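Here's the structure, in structure tokens; my notes come after.
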Amino acid sequence: MSFFNSIGRSMARAPRPPKRSTTPTSSSFPSTESLPNTPTTPSAPKPLYLCSPFVEAALVKGNFKHIVMLPKYADVMEWVAVNIFDFYQNLNQFYGVLAECCTQQSCPTMTAGPALNYTWINQDRKSVQLPAPTYIDYVMTWVQNLLDDDNVFPTKSGREFSQTFPSTVKHVYRQLLRVFAHLYHAHYPQILHLRSEPHFNSLFAHFLAFGKEYELLDIKDVKGQPGIPVGIGALWERWKEMGILES
């Protein structure tokens, strides 16, 4: 039995989170765009997640390169699939804790920086603004449905990954990155209040290192565009300086 098949069977026995409502989009996940905001202040204060000691807080010390290396005898597709499952589960649990702070009133748009909103492409191929909790629910619904689909994430012996699997997981990565970006930008004070910054920082650093190692991550998505930066882009650079991520 293959590495992923054995893990897949244990995953199948593990309790799934409750089914979310069906995402009101087409069966194929739509692309999304970013939309600039008007900055509220000419010089925003430095985000807490870039300040010491919070930026150094971590459960894992050293470079994450060693953690993401492909294990001996493991198939790369299976290794990517297992890690995508783990990233989703962990991020979903973090968001579940923070969900009461992320409401349509507190987060009327899916912000990821002082001048950046993410927009959704609906069934009519129009770019629309969504409240952050709605956007995140759509993303998590879509990813959960993919994980439950044995044609995309096979768990049975003899089933092969489809040729579209690499492009699918890149879409997954892009959307999970946006959830991370919003939580850092809008909800890091709540993460600090829960004293969870070492856990959240380590999860995100692991996510970034894995995405870079297996070419799932577009650096432009991390840093944003000139004049419309993603808040976590500075965190990416800071962790590279600290030796947590590869330069």
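Bear in mind these aren't lab numbers, they're just calculated from the coordinates by the rules spelled out. Owing to the predicted nature of the structure, the values given are computational and were not obtained by experimental measurement. Because the Cβ atoms are built from the backbone with ideal geometry, glycine has one as well, and the counts that use them run over all protein chains shown.
The C-beta contact set for the range 193-212 (first residue touching a residue at least 60 places away in the same chain (Cβ under 8 Å), second residue not hydrophobic (A, V, I, L, M, F, W, C), distance under 6 angstrom, 6+ apart or interchain) comprises 203/90; 210/83.
One residue stands out among those in the range 144-186 that are of a type in the set (S, T, N, Q) and surrounded by 17 or more Cβ atoms within 10 Å (Cβ to Cβ): the one that is farthest from residue 203 (Cα to Cα), which is 155. Taken over the range 185-227, residues that are of a type in the set (Lys, Arg) and under 24 Å from residue 102 (Cα atoms) amount to 2.
Each residue in the range 195-222 was checked for being surrounded by fewer than 16 Cβ atoms within 10 Å (Cβ to Cβ) and in contact with a Phe, Trp or Tyr (Cβ under 9 Å, 6 or more places away or on another chain), and 2 of them qualify.
Pairs linking a residue in the range 225-237 that is in contact (Cβ under 8 Å) with a residue 12 or more places away in the chain to a residue that is surrounded by 15 or more Cβ atoms within 10 Å (Cβ to Cβ) and among the polar types (S, T, N, Q), with Cβ atoms under 9 Å and 6 or more positions apart or on different chains, are 225/34; 228/34; 230/34; 231/111; 235/201.
Taking first residues from the range 63-77 that are under 14 Å from residue 161 (Cα atoms) and partners that are surrounded by 14 or more Cβ atoms within 10 Å (Cβ to Cβ), the Cβ contacts under 6 Å between residues at least 6 apart in sequence or on separate chains come to 77/161.
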